[in-house]
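Nothing in this text is a laboratory measurement; each read-out follows from the coordinates by a stated rule. Owing to the predicted nature of the structure, the values given are computational and were not obtained by experimental measurement. Counting neighbours? That spans all protein chains shown, and the Cβs are built from the backbone with ideal geometry, glycine included.
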Amino acid sequence: MEAGGLLLAEFDRPAKISYKGEVDLVTQADRRSEQAIVARLRGFFPKHAILAEEGGGQQGDSPYRWIVDPLDGTTNFAHGYPCFAVSIGLEEAGELVVGVIYQPITKELFTTAKGEGAYLNEKRIQVSSIDHLSTSLLATGFPSAKRAHNPNIHYYWDFTLRSHGVRRDGSAALDLASVACGRFDGFWEFGLHSWDTAAGVLLVREAGGVVTTFSGQPYRVDDSETLASNGRIHTEMCQVASDIRQRIAESPYSVQKPVIRDTQ
């Protein structure tokens, strides 16, 4: 919440923007938030490894690794759109065990620990009870890098026609949190990084939902495909994703299928 307070203070000021790529923004707020989080983690857990989006973490041989996104939704933040969050996850020997997502504008604090459920402002949350894709509300996102080669527009089209609609709010952490508390019934995206998903994936699981790759394989935080749902519509979502993938592969007019993750 300290990091959230820093973001709020910066939100009312003109954003100081720089670029990590052609359109991939980073602001002073990202860096200040990360510095505050990493300092706290180092103080409380000096031997733990820390992976932070802006590079301020630390290496280590500990089985524990904190995964930090100091500002998920940087483009929203830079444009004054109030949809962004701080996201922190903890791995133990590669397994997600703790997750926290904080939305400083709405003061919504999502928390979870493995085996202990998922909570919003200390009230237990659960995924939705929607049984069919046709009556679901979904969410997705589009990458800031290699956008012309990303196939997600095909998925966006199909899932929009097959559901009540698809929202694109620009924060994967908040999208996953919204699946966990039942606001969205499903979410998919390409090319997310571990700091985008670590906390949100555990939230969805602990709220009774399911997170896999598009093909239905168990999701790991370094996977390049993320598909989360309330579990009830998961098989349908995986089938739609499979159908779209096959259609893209067979179409001479489809985008090429590169490695989606930006490794630069």
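First measure r as the distance between the Cβ atoms of ARG40 and ASP12, then evaluate 1/(1 + (r/R0)^6) with R0 = 25 Å and state the FRET efficiency to the nearest 0.05.
Details: r = 24 Å, r/R0 = 0.94.
With R0 = 25 Å, the Cβ-Cβ based efficiency is 0.60.
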GNM result for the chain, Cα springs below 10 Å: residue of PRO46, PRO82, PRO70 fluctuating most strongly: PRO46
Under 30 Å between alpha carbons - lysine pairs in the chain that sit 8 or more apart or on different chains: 10
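What order, most packed first, do the peptides 243-251, 50-58 have when packing is the mean number of other Cβ atoms within 10 Å of each residue?
Values: 243-251: 12.7, 50-58: 19.1.
Packing proxy ranking, top to bottom: 50-58, 243-251.
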Taking each pair of distinct Cα atoms in region 130-216 once, what is the resulting Kirkwood hydrodynamic radius in Å? 13.2 Å
Ordering of 203-215, 125-137, 157-169 by burial proxy (mean other Cβ atoms within 10 Å per residue, highest first): 203-215, 125-137, 157-169
Can you pull the one-decimal nm distance between simple spin-label points at GLN58 and GLN28, each 7 Å off the Cα toward Cβ? 2.7 nm
Whole-number D in µm² s⁻¹ for region 212-253, Kirkwood Cα-pair radius fed into Stokes-Einstein, 37 °C, 0.692 mPa s: 297 µm²/s
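What Kirkwood radius, in Å to one decimal, follows from the Cα pairs of region 66-158? Write out the running numbers ahead of the final one.
Working: mean 1/r = 0.0626 Å⁻¹.
Over region 66-158, the inverse of the mean reciprocal pair distance is 16.0 Å.
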Distance from a point 7 Å along Cα→Cβ of ALA93 to each backbone N in region 50-69: keep the residues under 14 Å and list them by number. 62-65
Equivalent ellipsoid semi-axes for region 26-105, as square roots of 5 times the alpha carbon gyration tensor eigenvalues: give them largest first, rounded to whole Å. 24, 13, 9
Suppose we take every Cα in the chain and form the convex hull; what volume per residue is that in Å³? 123 Å³
Using 0.36 nm per residue, how much length does the chain from SER242 to ARG168 gain when fully extended, once their Cα-Cα distance is taken away? 24.5 nm
Give me the one-decimal nm value for the distance between modelled label points at MET1 and ASP158, 7 Å along each residue's Cα-to-Cβ direction. 4.4 nm
